[in-house]
Every structure is written in structure tokens, then in C-alpha cells.
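Note sheet for the following structure.
The values are calculated or read from the model by the stated rules, or taken from the named source; none is laboratory data. What you are looking at is a predicted structure, and each value in this text was computed from that prediction instead of being measured. Cβ coordinates were reconstructed from backbone atoms using ideal geometry, including for glycine residues, and neighbour counts include every protein chain displayed. Heavy atoms of the whole protein, side chains included, go into the accessibility calculation; ligands, DNA and RNA do not. Shrake-Rupley method; radii C 1.70, N 1.55, O 1.52, S 1.80 Å.
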Amino acid sequence: MSDLLEHRGYLGSVLYSDADEIFHGRLEFIRDLVTYEGADARSLKRSFCEAVDDYLEMCRSEGREPDLPLKGSFNVRPGRELHRRAMLYARREGISLNAVVTHALRRMLGGQGTGA
């Protein structure tokens, strides 16, 4: 079971409102607000796919780039001491702090992934 839908690289939440007796969600990991709803799982998924397609079409017609989810960069705030230790490790190893964080994430999450 998943609480995320995926279409054309976009991810959407799956929520249920007991008060309204409706499934609903929004595109996740983008700045623009795009929502959808459905009476059941099938209609929610259809509404989600339509919302993604409509969003991409709207951006195209407005001549702007659509927001892309999970672009491959994020800010990390590990605290002063951990930041210091990571930077010293990177310096000793002759690699970037970004490489240290990427390596640590790959070890923690498994797999190689893509990107730097």
C-alpha cells in the first residue's frame, strides 16, 4: 500500500476526509499548489493524472517552466558540531562536503542512485 501516486515524474498525496467522505490530495515536492479529489481510489487516481497533465499544459500555455519535484538538491542543517566533523572529514579525504553527504545517504538508503 502506498500513500503516494506517481504520473509523469510527479508525486501526489492520498488523503481521506471522513467528514466529506472524499479522497483528495495535492502534488508533493513542488512550490505550486495543485490539488485533486475523487469519490473512490479509481477516480482519485484519474483526477491526479488529469491534474498533472493540466498543470503541465497550463505552464506550457503561460510560457513558463513547470516546477520539477525533487530536483536533486536540498539544504541540510546538521548542527554546528556535525557540520564541523563532516567538513574536516571531507578535507582530509580531498572530497567535497556534497560528496560526503551523498555517500552517507547512499550508505543509509542503499543503492547507488544517480547524480553527483
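Taking the conditions exactly as written (part of a loop (DSSP other than H, G, I, E, B), of a type in the set (A, V, I, L, M, F, W, C), in contact with a strand residue (DSSP E or B) (Cβ under 7 Å, 6 or more places away or on another chain) and open to solvent by 30 Å² or more (accessible area, probe 1.4 Å)), does Leu70 satisfy them or not?
Against the criterion (part of a loop (DSSP other than H, G, I, E, B), of a type in the set (A, V, I, L, M, F, W, C), in contact with a strand residue (DSSP E or B) (Cβ under 7 Å, 6 or more places away or on another chain) and open to solvent by 30 Å² or more (accessible area, probe 1.4 Å)), Leu70 does not qualify.
Out of all the residues in the range 73-105, which are of a type in the set (Gly, Ala, Ser) and part of a helix (DSSP H, G or I)? First the steps, then the outcome.
As a first pass, look at the range 73-105 and keep what is of a type in the set (Gly, Ala, Ser): 73, 79, 86, 90, 94, 96, 99, 104.
Within the range 73-105, Ala86, Ala90, Ala99, Ala104 meet the criteria.
Can we say Val100 is of a type in the set (A, V, I, L, M), at pLDDT below 95 and open to solvent by less than 90 Å² (accessible area, probe 1.4 Å)?
Details: of a type in the set (A, V, I, L, M): yes; at pLDDT below 95: no; open to solvent by less than 90 Å² (accessible area, probe 1.4 Å): yes.
When the stated conditions are applied, Val100 does not pass them.
Test Ala86 against the criterion of being in contact with a Ser or Thr (Cβ under 9 Å, 6 or more places away or on another chain) and more than 30 Å from Leu15 (Cβ to Cβ), and give yes or no. Write out each step before concluding.
Working: in contact with a Ser or Thr (Cβ under 9 Å, 6 or more places away or on another chain): no; more than 30 Å from Leu15 (Cβ to Cβ): yes.
Taking the combined requirement at face value, the residue does not satisfy it.
Within the range 1-32, can you find the residues that are part of a loop (DSSP other than H, G, I, E, B), at pLDDT 95 or above and not charged (D, E, K, R)?
Within the range 1-32, Gly9, Val14, Ala19, Phe29, Ile30 meet the criteria.
Which of the residues spanning the range 33-48 are among the acidic types (Asp, Glu) and either open to solvent by less than 70 Å² (accessible area, probe 1.4 Å) or assigned to a strand (DSSP E or B) (or both)? Steps first, please.
Within the range 33-48, the first condition is being among the acidic types (Asp, Glu), and the residues that meet it are 37, 40.
Once the filter is applied, which keeps residues that are among the acidic types (Asp, Glu) and either open to solvent by less than 70 Å² (accessible area, probe 1.4 Å) or assigned to a strand (DSSP E or B) (or both), the range 33-48 yields only Glu37.
State all residues of the range 5-24 that are more than 13 Å from Asp40 (Cβ to Cβ), surrounded by 15 or more Cβ atoms within 10 Å (Cβ to Cβ) and touching a strand residue (DSSP E or B) at 6+ places or on another chain (Cβ under 9 Å); if no residue qualifies, say none. Spell out how you get there, then give the answer.
Here is the first cut: in the range 5-24, the ones more than 13 Å from Asp40 (Cβ to Cβ) are 5-13, 15, 17-20.
Checking the rest, the ones that are also surrounded by 15 or more Cβ atoms within 10 Å (Cβ to Cβ) come to 5, 7, 10-13.
Result: Leu5, Tyr10, Leu11, Gly12, Ser13.
Considering only the range 12-29, I want to know if a residue exists there that is under 30 Å from Met87 (Cα atoms) and of a type in the set (A, V, I, L, M, F, W, C).
Taking the range 12-29 and keeping what is under 30 Å from Met87 (Cα atoms), we get 29.
Checking the rest, the ones that are also of a type in the set (A, V, I, L, M, F, W, C) come to 29.
For the range 12-29, residues under 30 Å from Met87 (Cα atoms) and of a type in the set (A, V, I, L, M, F, W, C): present.
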